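Q: Below are the structure tokens for one structure; questions will follow.
The values are calculated or read from the model by the stated rules, or taken from the named source; none is laboratory data. Here the structure is a predicted model, which is why all the values come from computation and not from measurement. All Cβ positions, even for glycine, are placed from backbone atoms using ideal geometry, and neighbour counts span all protein chains on display.
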Amino acid sequence: MKQVLITGASTGIGFDLTRTLCEKGYKVWAGVRQPESLERLAQEQSDNLTVLRLDVTNSHDIERALKTVRSEMNPDNELILVNNAGIASGGPIEGLKLEEWRKVFDVNLFGMVEMTQMFLPLIRQTKGRVVNIGSISGRVAAPFLGPYTTSKFAVKAFSDCLRREVSALGVHVSLIEAGPIRTEIWSKSIDASDEVTKKLSAEVKEIYGSAMAALREGVVETAKEAVPVQTVTMAILHAIESRIPRVNYLVGKHIKLQAGLMKFMSTRMMDRVIKKSLRYQKS
């Protein structure tokens, strides 16, 4: 039976995947910042599940997780790493402080890189897999979501680089490019962006306020069309179980169509479409 380590397992995609894999009999290590968040699931799945205190921005947490996994894993079974931990935040580039960019990149990219570096020797030895959770935002850059979309573009590039380095070694690398999914990240991202907006200068608020409000309304409406989290879980399961997993999994309502249209739309055309959806103050 394959063995799976999941980061960001306390809610959303990570939680649903953890529960599903445990029910299927997998050995699962679930990384969370607050282990008590999975206390009930750990009791129900005591034979299959080990809950790890794991903040992917904390090197000591990652090292402790590595020691635990190494001591508990079966070296004869395939080890799979699902890099799921992620956060979303945004605001106008002109007004966002670098600390906001660093916070998003520390979780979405650098945490993923360090987790992969630390566990890759075990994954390589077991001819295992790496599944990275990206986003459709890694293909199209949305205004006022600079830190998030830039990090997801980086995740896509990281996945491509990793795959081309390790495929000859028997390690599969897949990228999940999800559209709107019914998880807590929507409410969390809106709350985070609202907090960032409060800290913007009066000038920046005046210049970008109406356009940001339009985008916020769009995000709220888009969230209503989000597909169930189980849709992503099924895609990850395919990446885990398939003899030949896909390189990219486009997941979500109309996401494959959107990705196809992006190939044919010019950059200027895409700019015009996005511009029409926003409202700028006349200067």
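Q: Among residues belonging to segment 234-258 that are part of a loop (DSSP other than H, G, I, E, B) and of a type outside the set (D, E, K, R), point out the one that is farthest from Lys27 (Cα to Cα).
A: Ranking the qualifying residues of segment 234-258, first place goes to His254.
Q: To continue, here is another question. Among (1) in contact with a Gly (Cβ under 7 Å, 6 or more places away or on another chain); (2) buried (at least 21 other Cβ atoms within 10 Å of the Cβ); (3) touching a residue at least 60 places away in the same chain (Cβ under 8 Å), there is one condition Val56 misses while meeting the rest; what is its number?
A: (3)
To keep it simple, each residue is scored yes or no on (1) within 22 Å of Phe110 (Cα to Cα); (2) hydrophobic (A, V, I, L, M, F, W, C); (3) out of contact with any strand residue (DSSP E or B) (no Cβ under 8 Å at 6 or more places or on another chain).
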{"position": "Arg19", "(1), (2), (3)": "no, no, yes"}
{"position": "Lys24", "(1), (2), (3)": "no, no, yes"}
{"position": "Ala42", "(1), (2), (3)": "no, yes, no"}
{"position": "Asp47", "(1), (2), (3)": "no, no, yes"}
{"position": "Leu54", "(1), (2), (3)": "yes, yes, no"}
{"position": "His60", "(1), (2), (3)": "yes, no, yes"}
{"position": "Lys67", "(1), (2), (3)": "yes, no, yes"}
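Q: Do we find that Ser137 is part of a helix (DSSP H, G or I), in contact with a Phe, Trp or Tyr (Cβ under 9 Å, 6 or more places away or on another chain) and at pLDDT below 95 in this structure?
A: yes
Q: Right, something else. Suppose we filter Ser167, Ser174, Ser159 for residues that are at pLDDT 90 or above, among the small types (Gly, Ala, Ser) and in contact with a Pro (Cβ under 6 Å, 6 or more places away or on another chain); which single one remains?
A: It is Ser174.
Residues are listed down the side, and each one gets a yes or a no for (1) crowded, with 16+ Cβ neighbours inside 10 Å; (2) of a type in the set (Val, Ile, Thr); (3) farther than 30 Å from Pro147 by Cβ:
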{"residue": "Asp16", "(1), (2), (3)": "yes, no, no"}
{"residue": "Glu23", "(1), (2), (3)": "no, no, yes"}
{"residue": "Gln43", "(1), (2), (3)": "no, no, yes"}
{"residue": "Ser46", "(1), (2), (3)": "no, no, yes"}
{"residue": "Glu63", "(1), (2), (3)": "no, no, no"}
{"residue": "Pro75", "(1), (2), (3)": "no, no, yes"}
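Q: Just wondering, is there one or more residues in segment 94-103 that are surrounded by fewer than 24 Cβ atoms within 10 Å (Cβ to Cβ), touching a Phe, Trp or Tyr at 6+ places or on another chain (Cβ under 7 Å), within 22 Å of Val196 (Cα to Cα) and not polar (S, T, N, Q)?
A: The answer is no; no qualifying residue exists.
Q: Let me ask something else. Could you pull out the residue among Ala202, Ala226, Ala213, Ala192 that is among the aliphatic types (A, V, I, L, M), over 17 Å from the mean Cα position of the chain (by Cα) and at pLDDT below 85?
A: Of the residues listed, the single one that is among the aliphatic types (A, V, I, L, M), over 17 Å from the mean Cα position of the chain (by Cα) and at pLDDT below 85 is Ala213.
Q: Ok, one more. Of everything in segment 104-151, what is surrounded by fewer than 18 Cβ atoms within 10 Å (Cβ to Cβ), more than 19 Å from Glu63 (Cα to Cα) and without any contact (Cβ under 8 Å) to a residue 24 or more places away in the chain? Give them in sequence order.
A: Ala141
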